[in-house]
1. Say whether the condition of being facing another protein chain (nearest Cβ under 9 Å) and under 28 Å from B:G58 (Cα atoms) is met by at least one residue in the stretch A:50-73.
2. Residue under question is B:T71, and the condition is that it be open to solvent by 20 Å² or more (accessible area, probe 1.4 Å) and in a strand (DSSP E or B); does it hold?
3. Mind listing whichever residues of the stretch A:51-70 are open to solvent by 60 Å² or more (accessible area, probe 1.4 Å) and either part of a strand (DSSP E or B) or without any contact (Cβ under 8 Å) to a residue 40 or more places away in the chain (or both)?
4. So, in the stretch A:31-49, of the ones that are over 14 Å from A:K70 (Cα atoms) and among the aliphatic types (A, V, I, L, M), which residue ends up least open to solvent (accessible area, probe 1.4 Å)?
5. Being within 14 Å of another protein chain (Cβ to nearest Cβ) and of a type in the set (D, E, K, R) is the filter here; which residues of the stretch A:74-111 pass it?
6. Please specify each residue of the stretch B:105-114 satisfying the condition of being surrounded by fewer than 19 Cβ atoms within 10 Å (Cβ to Cβ) and over 12 Å from the mean Cα position of the chain (by Cα).
7. Tally up the residues in the stretch A:93-111 that are assigned to a loop (DSSP other than H, G, I, E, B), open to solvent by 10 Å² or more (accessible area, probe 1.4 Å) and under 19 Å from A:S7 (Cα atoms), please.
8. Could you say whether any residue in the stretch B:8-23 is on the phi < 0 side of the Ramachandran plot, at the interface with chain A (Cβ under 9 Å from one of its Cβ atoms) and either aliphatic (A, V, I, L, M) or touching a residue at least 12 places away in the same chain (Cβ under 8 Å) (or both)?
Amino acid sequence: TQLLEQSPQFLSIQEGENLTVYCNSSSVFSSLQWYRQEPGEGPVLLVTVVTGGEVKKLKRLTFQFGDARKDSSLHITAAQPGDTGLYLCAGVLSNDYKLSFGAGTTVTVRA
Amino acid sequence: NAGVTQTPKFRILKIGQSMTLQCAQDMNHNYMYWYRQDPGMGLKLIYYSVGAGITDKGEVPNGYNVSRSTTEDFPLRLELAAPSQTSVYFCASSRPPTGVDEQYFGPGTRLTVT
């Protein structure tokens, strides 16, 4: 079983539409990260959130950390084909420092 | 800076063969990690190292071994390869983690065991 559950597993949308990816757990995390991975490459960090209720914006991407630090979401506004990729959430448990990864959400943005 | 480099990029092994996946980083990071990525399963931690001479098991260590003789290199050894080890392997490095540090990933090695 995954410590972090991501949904949906796959998402295909038209250019210009909005999308939201969710990352949920029953465990409390001291921090949570979102990575993006393109085919044939390793994951690349997009953002780290550390405070419950925190919202961070990165251009058209908005990241939110739940108040209880058990969940997070990634919202993309006006998606573009360049946003296509595998989005992974990864968390650090309060009593650890190693990352636990979700299974990922594959996002396809059609032109 | 080359960052994290991995060789080979692709490899096909027969059942029972052995091989070493190479990983090197030039960022002077103390912490290094090996993950495997299977479709729909995310990344699973195999082994990690907090510095030269120190290694520890992750979530899925069976069938693998590691060594860390230098800060830069962290090779992963597969002994007696099995089809269940077919996967994409990623090496990563970071500074001593405080929970907010970025892990830097290599481009991966795609391994097929037949």
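The values are calculated or read from the model by the stated rules, or taken from the named source; none is laboratory data. A quick note: this is a predicted structure, and the numbers were derived from the prediction, not measured. Heads up, the Cβs are rebuilt from the backbone with ideal geometry, glycines too, and the neighbour counts pull from every protein chain shown. Side chains are part of the model used for accessible areas, which takes the heavy atoms of the whole protein and leaves out ligands, DNA and RNA. Shrake-Rupley method; radii C 1.70, N 1.55, O 1.52, S 1.80 Å.
1. yes
2. Details: open to solvent by 20 Å² or more (accessible area, probe 1.4 Å): yes; in a strand (DSSP E or B): no.
So B:T71 does not fit the description; no.
3. Filtering the stretch A:51-70 for residues open to solvent by 60 Å² or more (accessible area, probe 1.4 Å) gives A:51, A:55-60, A:64, A:67, A:69-70.
Passing the criteria: A:T51, A:V55, A:K56, A:K57, A:L58, A:K59, A:R60, A:Q64, A:D67.
4. A:V47
5. A:D96, A:K98
6. B:T112, B:T114
7. Final tally of qualifying residues: 1.
8. Yes, the stretch B:8-23 has at least one match.
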